[in-house]
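Worksheet: one structure, shown below.
Each reported figure results from applying straightforward, stated rules to the coordinates on display, with no laboratory input. It should be emphasised that the depicted structure is a prediction, and the values quoted were computed from it without experimental measurement. Here the Cβ positions follow ideal geometry from the backbone for every residue, glycine too, while neighbour counts run over all protein chains shown.
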Amino acid sequence: MRTGRIAPLLTVGITATLLPALVPAAQASAAEPLRRFENQKPAWHRCAPSQPAAFQCATIQVPLDYSRPDGKKIKLAISRMKTAVPGKRHGAILFNPGGPGGEGLDMPVMMKNAMPKNVREQYDLIGFDPRGVGRSTPLTCGLTPREQNIEHPYKAATFSRDVKWARTVADKCRAENGDRLAYFTTRNTARDMDVIRAVLGEKKISYLGYSYGTYLGAVYAQMFPTRTDRFVLDSAVDPARVWRGMIQVWAEGTEPAFTRWTKWTARHDRTYGLGNTPAQVKKTFWDLIARADRTPIDDAGQKLTGDDIRAALRAEFFRPKSAADEVVRLKKAADGHASLRPSPAPDRQPEPRFAQVPAAQQPTDNASVVFWTVLCGDTAAWPRDPEQYRRDAIRDKATYPLYGDFASNITPCAFWTEPAEPVTEVHNTLGVLTVQNQWDSQTPLASGLGMHHALKGSRMVYVKGGEGHGVYSGDPRACADRTVNAFLSNGRLPARDVTCKPSGRRSPGVTSLPVPGPSHTPQSPRF
């Protein structure tokens with residue numbers, strides 16, 4: 001894998017219709033290979049006999065490295081539902097469910113159920129698995145389940161083992177994928193989106209992206225501003241914090257959520273019995289953590305340490321009732337009272353797939369590998385010195401007791417090959433709509449505000465008191481949904497930022513997988 005930087009990559013999407021009449025010979029020559037990708041004619045077919053006939057799939061090719069479009073190619077799986085009505089059609093809208101690593105091929109059917117008819121009739125709904133994901137040349141590093149588990153709380157006694165884990169993951173990915181690993185990045189996925197736009201015959205595209213998909217959308221808008229139409233970024237990543245800062249923001253955001261939880265739980269002491277003051281509730285929780293660290297709690301056959309509980313409950317604290325229920329259950333388990341483990345809370349489980357497309361079995365480590373490949377490959381800002389991670393983890397454990405040592409501990413990015421190109425700086429005045437819950441565990445409010453501030457021309461829909469990851473829910477009566485639907489319908493941003501009340505419904509599109517402890521099934525987190 002190359003270790004140096006390459007020259008800035010060529011911009012995708014230069015077509016004959018956009019070229020000046022007299023174009024320099026060198027520029028025309030460079031554009032020619034790209035035109036071949038943009039002029040593809042997909043062989044659309046019914047995605048599966050069990051799916052609606054209108055739900056069509058196809059495969060196109062894109063360059064692995066856009067600076068060498070005549071070089072290696074990869075496959076990209078795309079899908080569509082042509083729901084636009086003649087005379088009402090505005091264009092095509094692409095979707096991304098989050099990740100990095102979330103599969104988006106089935107999102108047209110999912111979003112057809114969420115969008116009101118008057119909006120749906122204006123758009124052809126477009127899905128795709130991003131490069132490296134699912135059916136789009138899926139990546140694998142041959143990682144074991146243990147190697148996929150990223151929960152490594154800092155401890156002096158285990159830090160050398162954490163360093164070995166991080167180095168092993170990086171080495172296995174490098175050995176398995178070689179030079180091509182450097183090109184599975186957000187910038188190249190944005191370029192892929194522009195190829196999709198051209199293949200569809202659209203001058204511009206609209207877009208709805210959740211979580212990591214907000215960053216992907218913002219990068220596309222930064223790279224292709226003249227092709228950016230109506231963009232909605234739901235539950236946003238702060239582009240100034242990619243990517244180590246976005247893991248660390250989980251620790252920062254959890255502390256106020258925990259404080260809110262202690263107050264809520266104290267008010268409901270008759271129900272939960274965890275303490276009738278916030279201080280008592282806090283003590284009850286930390287006593288449980290200390291107890292589990294001394295003697296792991298038998299939870300339906302799994303032994304949970306205090307570290308396991310902190311990792312598992314981090315996201316729960318953003319939903320006070322869910323966290324209180326779980327702490328009570330774990331206290332009973334610690335006292336020897338067996339209880340059934342509940343289903344994961346909404347912020348800690350994959351969203352249901354409304355229309356999964358049957359496919360060949362994907363590598364079991366695909367989501368984990370894409371997660372690290374994008375996070376490590378997007379930016380060179382990761383520290384290279386393991387001791388820097390040690391110092392930061394010690395510092396953040398003191399500042400953010402619940403999760404600081406997890407969030408700042410070493411990752412495979414410390415040993416990743418240097419990125420192929422610089423990270424995208426998001427700073428423009430395009431008219432983008434951002435949407436944000438107040439209590440979001442994966443992209444906390446500070447993160448959403450960061451995106452809003454980076455996009456100087458944006459408007460924010462802020463759901464005060466809103467809980468969970470993902471806002472746009474398919475509820476046409478909800479304030480946030482009404483604002484999103486109006487923007488998608490007429491293209492006009494609100495005159496000012498909008499503050500809404502929660503709708504009580506869950507977004508159908510966002511991919512929000514758990515950040516598991518060692519006793520859980522290893523999966524990568526999702527932004």
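Fewest-first ordering of 154, 212 by other beta carbons within 10 Å of each residue's beta carbon gives 154, 212. Under 18 Å Cα-Cα from residue 397, which lysines qualify once same-chain neighbours fewer than 8 residues away are excluded? Within the straight-line limit of under 18 Å, residue 397 reaches these lysines: 155, 282, 283.
Inter-part distance, the range 276-324 to the range 226-267, computed on C-alpha centroids, equals 22 Å. Between the helical axis of 212-223 and the longest alpha-carbon principal axis of the chain there is an angle of about 40 degrees. Remark: the range 317-331, residue by residue, has Karplus-estimated 3J(HN,Hα) of 5, 6, 10, x, 4, 4, 5, 5, 4, 6, 5, 4, 4, 5, 4 Hz, where x stands for each Gly or Pro and the curve is 6.51 cos²θ - 1.76 cosθ + 1.60 at θ = phi - 60°. At the listed q of 0.12, 0.24, 0.29 Å⁻¹, the Debye profile of the range 200-266, built from one uniform point per Cα, gives log10 I(q)/I(0) equal to -0.46, -0.99, -1.17. Checked against a 22 Å cut-off, the cross-linked pairs 75/164; 204/501; 82/203; 303/331; 88/501; 72/164 give Cα-Cα distances beyond that limit for 75/164; 204/501; 88/501; 72/164.
With the cut-off at 1.5 for a/c, could you classify the range 114-157 from its C-alpha gyration tensor as rounded, prolate or oblate?
Judged from the Cα gyration tensor, the range 114-157 comes out oblate (a/c at least 1.5, b/c at or above a/b).
As an exercise, use a Förster radius of 25 Å and the Cβ-Cβ distance of residue 464 and residue 321 to find the FRET efficiency, rounded to the nearest 0.05.
Details: r = 18 Å, r/R0 = 0.73.
With a Förster radius of 25 Å, E is 0.85.
Compared with the dominant principal axis of the Cα atoms in the chain, helix 386-399 is inclined by about 60°.
Report, in deg cm²/dmol and to the nearest 500, the calculated mean residue ellipticity at 222 nm for the chain, where each DSSP H run with n ≥ 4 adds -39500 (n - 2.57) and the sum is divided by the residue count. Intermediate values should be presented prior to the final figure.
Values: 17 runs with 196 residues, N = 527.
Helix-only estimate at 222 nm: -11500 deg cm²/dmol.
When the inverse distances between all different Cα atoms of the range 163-293 are averaged and flipped, the Kirkwood radius reads 19.0 angstrom.
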